[in-house]
Amino acid sequence: GVYLKHIISAFRRNGQTPLLCNLQPLDNEKFFAAHAEYQSLQVMKLDPHAWHGSYSDQIEVVARELQVRVVDIRSALEREAGAATASDGLHPNDHGHEIIATTILDSLRTLDPALKIHERLPQTRKL
């Protein structure tokens, strides 16, 4: 939390308003299937989803302490129950990125209802 506090302080010293996101959830089943090197964690009954969630909780603790707004992407992604997670179990897939973007944009609109945001970016050409 110390480094996050320093980053927030730096933003504020620059006259900027910090805005934090909590972390996306991990999908344990996909994670262990994609990362054989971590199978020992499963044997030891360690839960990557809970472990990663504890980092997300720390972001929220620091945010409350320093009165920084948190965009709750974690809950939005958890409502999709794995449908928003890539095959590696760690990163969001395209649907997950769309959920994150929508959640952040909705939060920005509550800060400034007059904010002009393009609803869709032009499609980029896939290589």
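The values are calculated or read from the model by the stated rules, or taken from the named source; none is laboratory data. Every value quoted in this text rests on a predicted model; they were computed, and no experiment measured them. Note: ideal-geometry Cβ built from the backbone for every residue, glycine included; neighbour counts use all protein chains shown. Note: accessible area is taken over every heavy atom of the protein model, side chains too, but ligands, DNA and RNA are not part of it. Shrake-Rupley method; radii C 1.70, N 1.55, O 1.52, S 1.80 Å.
Tabulated values for the structure
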quantity	calculated
Residue list for region 1-43, restricted to those being of a type outside the set (Val, Ile, Thr), within 11 Å of Val68 (Cβ to Cβ) and in a helix (DSSP H, G or I)	Leu4, Lys5, Ser9, Phe11, Arg12
Criterion (in contact with a Lys or Arg (Cβ under 8 Å, 6 or more places away or on another chain), open to solvent by less than 30 Å² (accessible area, probe 1.4 Å) and outside any helix (DSSP H, G or I)) met by exactly one of Gly53, Gly82	Gly82
Positions within region 87-103 being in contact (Cβ under 8 Å) with a residue 12 or more places away in the chain, out of contact with any Leu (no Cβ under 9 Å at 6 or more places or on another chain) and not in a helix (DSSP H, G or I), in sequence order	Ser87, Asp88, His91
Given (1) within 16 Å of Leu23 (Cβ to Cβ); (2) modelled with pLDDT of 95 or more, index of the condition Gln67 fails	(1)
Tally of residues being in a loop (DSSP other than H, G, I, E, B) and either modelled with pLDDT under 80 or open to solvent by 80 Å² or more (accessible area, probe 1.4 Å) (or both) across region 104-122	9
Boolean, Ser40 is within 27 Å of Leu111 (Cβ to Cβ) and among the polar types (S, T, N, Q)	no
Test for Ser75: is it in a helix (DSSP H, G or I) and under 21 Å from Thr103 (Cα atoms)	yes
Pick from region 44-58, criterion polar (S, T, N, Q) and over 12 Å from the mean Cα position of the chain (by Cα), ranking: nearest to Ser107 (Cα to Cα)	Gln58
Residue match in region 3-13 (condition: free of Cβ contacts under 8 Å to residues at least 60 places away in the same chain, farther than 27 Å from Asp112 by Cβ, touching a helix residue (DSSP H, G or I) at 6+ places or on another chain (Cβ under 6 Å) and not basic (Lys, Arg))	no
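For every residue, the table says whether it meets (1) surrounded by 12 or more Cβ atoms within 10 Å (Cβ to Cβ); (2) of a type in the set (Ser, Thr, Tyr); (3) over 12 Å from the mean Cα position of the chain (by Cα).
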position: Lys5; (1), (2), (3): yes, no, yes
position: Ser9; (1), (2), (3): yes, yes, yes
position: Leu23; (1), (2), (3): yes, no, no
position: Ala34; (1), (2), (3): yes, no, yes
position: Glu60; (1), (2), (3): yes, no, no
position: Ala63; (1), (2), (3): yes, no, yes
position: Gln67; (1), (2), (3): no, no, yes
position: Asp72; (1), (2), (3): yes, no, no
position: Gly89; (1), (2), (3): yes, no, yes
